[in-house]
Amino acid sequence: MVRSTYLFGFTLGAAVLAWAPLVVSGQTPNVREAIEALVYDPLEWSPPAPERHEVSGVTALLLEDRTLPLVTVLASFRGGYGLFGRDQYAATMGLPALLRYGGTATASPDSVELLLEFYAMQTSFQSGGVSMGSTLNTLTGQLDESLGLWWELISDPGFDEDQIEIWRGRELERVLRRADDPGGLAYSAFNRLLYGDHSIGWELDAEDLAPDRTTPEQFRQIHARIFCRENLTLGVAGDIAWDDARPRLERLVRALAPCPEALTASAIPEIRRGGGVYLMERDLEQAVIIMAHPTSVRLADETQFFAATMGNAILGGGGFSSRILQRVRSDEGYAYSASSLWTTPRRYDGLIGAITRTSPENAVPAIDVILGTMDQMRTSTPSAGELKTAVDRIVNGYVFNFQAPEQIVQRMMLYVSGELPDDWLERYAEGVQEVTTDDIRQVFADHLRPEEMTILVVGDPDRIGRDALARLGPVTVLEPQTPN
Amino acid sequence: MNHAAVVLATAIAGAGVGATPLLAQQSMGERLPVREVVLENGMTVLVLPREGAPTVSFVVRFGVGGVHEHLGTTGIAHLLEHMLFKGTNSIGTRDVAAERRLFVQMDATHDTLLLARAAADASRVSALEARIEMLEDSARAFVLPNELDRILTEAGARGMNATTSSEATTYFVELPANRAELWFALESDRMSRPVFREFYTERNVVIEERRMRVETEPGGLLYEAHLASAFTMHPYGVPVVGYMSDLQTLSRRDVEAYYRRFYGPDNAVVAVVGDVDPDQVEGWARQYFADIPRGEAPPPVLAVEPPQRGERRVTVEWDAEPRLRIGWHVPSGLDDDAAAIAMLGSVLTGGRTSRLHRRLVMDEQLVTGVYASTGPGTLFPQLFQIDAIPRSGRSIELVEAAIYEEIERLVATGPEERELEQVRNQVEAGNVRRMTSNLGLAFQIADSQSLLGDWRETFRWSELLDSVAAEDVRRIAARYLVESNRTVAVLRRPGS
């Protein structure tokens, strides 16, 4: 259970006023003392929980909410570009766009557009490394028309050749324009450096987008492997009860073919280790800096994971309350944004590192500040106040996990597909409250190695200072990938 | 009324908001139970209680932005926005008096620095910059860094931020509902007793923000060049983030004077939306804000952009793929023609079946995207803008010509009723969807109250769109989208 003083009880308007009005003639009030004297009633409130059902073997979650005449239906499918080969990468990446815009077996793309716009339905299609998803948001009164059209897009797509060509042209243009965005350029290069030819490091290029890799047949093959019954999880949120939702969901499930065969898990990436300094030369007013190295902390119900998340919040993941932004921005004025990252995938190693952008002249000083700040995290414990800030944000802000019914259902669907327990959010809130400052120092001591950072700088070497950069280690110059 | 509109009307009528015959004529938005409180000092507070998770969203909108600047102090509204996160007399400091003593020395040194820069005395400039840095470091010994952020973060706040536009500076945050009073205590303190500490460091942060958003971003460069060319006189032509040379010279005194002039409570609208008791919120508003004295009356913006008498063209050379931006001068967002102008934008680029999207993106595949908008503000005559991203190998000239052809076709025949109906349906559905977000609603009613003098006006927009006829769209396209009234900006690679 979450920290007892913040139990979710809520009494409207019962917060206690404990201090006098601010502006008193002739006095300057001490607001810090005044707000410390404020007393807050606990929130007497029970977080809504979705009902969990099964429809023809498919898990379906429902959260009824009658506030507005809107229904959101969510479909999540196991399967993404990480589960297919590079020769199918483009077709897998393009699948969401082609489902949305490629028409259906019975309706041309134009007809679909007219209907979607006429009924003002909102749909979205997303893809990731191991899953794909789609969402429909519609007015309750149009649920049946909307649901029918949306599911036809998903289950019986047309993959119109003209639409494929339009998508292909747009993606080729994105490849060409990648170099226009220094941040995007840096992320691409950094992912290639660390993940090599693993799917995590892939980005679409002209070879992927060759016509023979993006035929309607290619899309159909991938579609059949992913958008099938056994890969599906459903969610419904909004203005509908289960008795009304059930028959509709059953129709959706029945319209999907069974999966031809199960998809195999993606390969475990071999992440580059050993560090190094890399430079991509670009004549820019600002240098982009990314640094990271692999760590073995995984998402799990254990102290190490919770200590890593709280430690990252203190290091640089917690905005202005964290050290990196404080040092790089507030103290030095080097950058508008600076943050740390600590990713914790479940099956393979994650990354710990940092990101910022600064004027070329301040690039190396900013790197020094970040590395120094990191080093402190493994040699000394953070203050109790820093840990309190990080934990209080999670505990007191717990209610923000329940602002919208579709947000709650979507999170629960992620737990289902990610094989996390239904009460993971509550466990997380409990876990972070048990972290000590010693746990945080220990997790950094065990897992953070600033000297093993792979550091990439995209910028003007003459203004950055070649000698200054070389002081960080031998510099390898990377050539930007030239689109063909 | 078509089928979809009937469905929408039925759905909205059934939304559970109590209705009398009179109220039934109002939209769902207009019937929201917003309590409007105007304090003695002129500050307007809007309170909208909503069911759902026990959270509350706060928005404070000051009617001040880029249009209230002039050359030499561009970017000051945005810099002030940054400075208001630095604390107050009591928040963010261990000893404000000691800080202030150092401010005097720092600011005097800065005055001297500006003179040294003007004299191009490099060694003196360097020495003075080092002295300012040293003094700011000394003052930092008395600072509790980012204390405002820490207090709100520990309270569980989400999304604390601010934004500055041509006409407004808006501060926002969300809190658990039981901590609502904390916001009143902190915000009234910030509004009445801010201290602009760490000023010169924060000015550097804003300079880095400009580098990120404009000087390394092709779209930002083109946007800035386009507005500067289209507006020769009106401050809409000045970038909200400020010119680099101005950012390098703005002083703490400049920002303090600007704050005093524009940040009075009578220039502020507060919106509180979420799981709150309106009586209690009104009580807190009176308790915490009512004693803040009125500010100076902000001077009106009197600059008027003279009529454009001939096409203007501007080229930005940059090592990036090409972009195109076209703008035509049109009336303000408060004008009777505003709804027809919005309808024109939707007919041209609103959705995949819109005219320009269909032709340029789908049929001829000249561009990857084409987007119409109005801007950069609302209150003054503005631009109707079209942005296009040409596909590789397609000439910008071809794209431009196709856009003009489609406009001519629209002027010749006007839009079809089907096109207008589609836009109206989208707007109606959008009205319902906007009700899902406390923060979105808080922004909407605060903007409407501040800009239009009535929070309900924003919800009347669909009625105005309903009243737009095909001939209105044709008429305004014919009147405004003409060659002599347009400014065209192109971004190309050097030598291309």
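The values are calculated or read from the model by the stated rules, or taken from the named source; none is laboratory data. Here the structure is a predicted model, which means the values were calculated and not measured. All Cβ positions, even for glycine, are placed from backbone atoms using ideal geometry, and neighbour counts span all protein chains on display.
Before we move on, is residue B:442 crowded, with 21+ Cβ neighbours inside 10 Å, at pLDDT below 95 and either within 28 Å of residue B:230 (Cα to Cα) or in contact with a strand residue (DSSP E or B) (Cβ under 8 Å, 6 or more places away or on another chain) (or both)?
Values: crowded, with 21+ Cβ neighbours inside 10 Å: yes; at pLDDT below 95: no; either within 28 Å of residue B:230 (Cα to Cα) or in contact with a strand residue (DSSP E or B) (Cβ under 8 Å, 6 or more places away or on another chain) (or both): yes.
No: the conditions fail for residue B:442.
Residue B:463: under 28 Å from the mean Cα position of the chain (by Cα) and not aromatic (Phe, Trp, Tyr), yes or no?
Working: under 28 Å from the mean Cα position of the chain (by Cα): yes; not aromatic (Phe, Trp, Tyr): yes.
Yes.
Per the conditions (1) surrounded by 14 or more Cβ atoms within 10 Å (Cβ to Cβ); (2) within 14 Å of another protein chain (Cβ to nearest Cβ), the sole criterion not satisfied by residue B:317 is (1). Name the one entry in B:190, B:210, B:294 that is away from chain A (no Cβ under 12 Å), among the basic types (Lys, Arg) and either touching a helix residue (DSSP H, G or I) at 6+ places or on another chain (Cβ under 8 Å) or buried (at least 21 other Cβ atoms within 10 Å of the Cβ) (or both). The match here is B:294.
Can we say residue A:49 is of a type in the set (A, V, I, L, M, F, W, C) and surrounded by fewer than 16 Cβ atoms within 10 Å (Cβ to Cβ)?
Values: of a type in the set (A, V, I, L, M, F, W, C): yes; surrounded by fewer than 16 Cβ atoms within 10 Å (Cβ to Cβ): yes.
When the stated conditions are applied, residue A:49 passes them.
Restricting the stretch A:33-46 to residues that are more than 8 Å from every other protein chain (Cβ to nearest Cβ) and either assigned to a loop (DSSP other than H, G, I, E, B) or among the polar types (S, T, N, Q) (or both) leaves a set whose member that is farthest from residue A:233 (Cα to Cα) is A:37. The set of residues in the stretch B:224-233 that are under 15 Å from residue B:66 (Cα atoms) and touching a helix residue (DSSP H, G or I) at 6+ places or on another chain (Cβ under 8 Å) comprises B:224, B:227, B:228, B:231. Of all residues in the stretch B:213-250, those being within 14 Å of another protein chain (Cβ to nearest Cβ), of a type in the set (Val, Ile, Thr) and in contact with a His (Cβ under 7 Å, 6 or more places away or on another chain) number 1.
Screening the stretch A:271-321 for residues that are more than 14 Å from chain B (Cβ to nearest Cβ), surrounded by fewer than 24 Cβ atoms within 10 Å (Cβ to Cβ) and small (Gly, Ala, Ser) and picking the one that is farthest from residue A:465 (Cα to Cα) gives A:300.
Within 30 Å of residue A:43 (Cα to Cα), touching a residue at least 40 places away in the same chain (Cβ under 8 Å) and more than 13 Å from chain B (Cβ to nearest Cβ): is that true of residue A:389 in this structure? Judged against the criteria, residue A:389 is not a match. Name the single residue that is farthest from the chain's Cα centre (by Cα) among those in the stretch A:332-385 being surrounded by fewer than 18 Cβ atoms within 10 Å (Cβ to Cβ), over 30 Å from residue A:428 (Cα atoms) and within 14 Å of chain B (Cβ to nearest Cβ). Applying the filter and picking the extreme gives A:361. Filtering the stretch B:355-376 down to residues that are in contact with a helix residue (DSSP H, G or I) (Cβ under 6 Å, 6 or more places away or on another chain) and part of a loop (DSSP other than H, G, I, E, B), which residue is nearest to the other protein chains (Cβ to nearest Cβ)? Within the stretch B:355-376, the match that is nearest to the other protein chains (Cβ to nearest Cβ) is B:365.
Among the candidates B:330, B:301, B:347, the residue that is surrounded by fewer than 18 Cβ atoms within 10 Å (Cβ to Cβ) and not assigned by TED's automatic domain parsing to the domain that holds residue B:67 is uniquely B:301.
Can you name the residue in the stretch B:413-429 that is among the polar types (S, T, N, Q) and within 12 Å of another protein chain (Cβ to nearest Cβ) and is also surrounded by the most Cβ atoms within 10 Å (Cβ to Cβ) among such residues? This residue is B:422. From the list B:144, B:128, B:152, the one residue that fits, being under 22 Å from residue A:36 (Cβ atoms) and buried (at least 20 other Cβ atoms within 10 Å of the Cβ), is B:152.
Could you say whether any residue in the stretch A:337-354 is assigned to a helix (DSSP H, G or I) and among the hydroxyl-bearing types (Ser, Thr, Tyr)?
No, that holds for no residue.
Taking the listed residues A:92, A:72, A:67, A:59, the one that is in the same structural domain as residue A:235 (by TED's automatic domain parsing) and assigned to a loop (DSSP other than H, G, I, E, B) is A:67, with no other qualifying.
Look at (1) of a type in the set (Asp, Glu); (2) buried (at least 18 other Cβ atoms within 10 Å of the Cβ); (3) farther than 23 Å from residue B:318 by Cβ and you find that residue A:180 fails only one, number (3). The C-beta contact set for the stretch B:154-169 (first residue assigned by TED's automatic domain parsing to the domain that holds residue B:191, second residue basic (Lys, Arg) and assigned to a strand (DSSP E or B), distance under 9 angstrom, 6+ apart or interchain) comprises B:168/B:61; B:169/B:61.
Would you mind listing the helices (runs of 4 or more DSSP H) fully within the stretch B:432-496 where at least 1 residues are touching a Gly at 6+ places or on another chain (Cβ under 6 Å), away from every other protein chain (no Cβ under 14 Å) and of a type in the set (Ser, Thr, Tyr)?
On the way: elements: B:438-452, B:461-466, B:470-480.
Where helices (runs of 4 or more DSSP H) fall fully within the stretch B:432-496 and carry at least 1 residues being touching a Gly at 6+ places or on another chain (Cβ under 6 Å), away from every other protein chain (no Cβ under 14 Å) and of a type in the set (Ser, Thr, Tyr), they are B:438-452.
Of all the criteria given as (1) touching a Lys or Arg at 6+ places or on another chain (Cβ under 7 Å); (2) at pLDDT below 95, the one not satisfied by residue A:145 is (1).
Per the conditions (1) part of a loop (DSSP other than H, G, I, E, B); (2) in contact with a Phe, Trp or Tyr (Cβ under 7 Å, 6 or more places away or on another chain), the sole criterion not satisfied by residue A:261 is (2).
Within the stretch B:238-281, the set of residues being free of Cβ contacts under 8 Å to residues at least 60 places away in the same chain and of a type in the set (Gly, Ala, Ser) comprises B:245, B:257.
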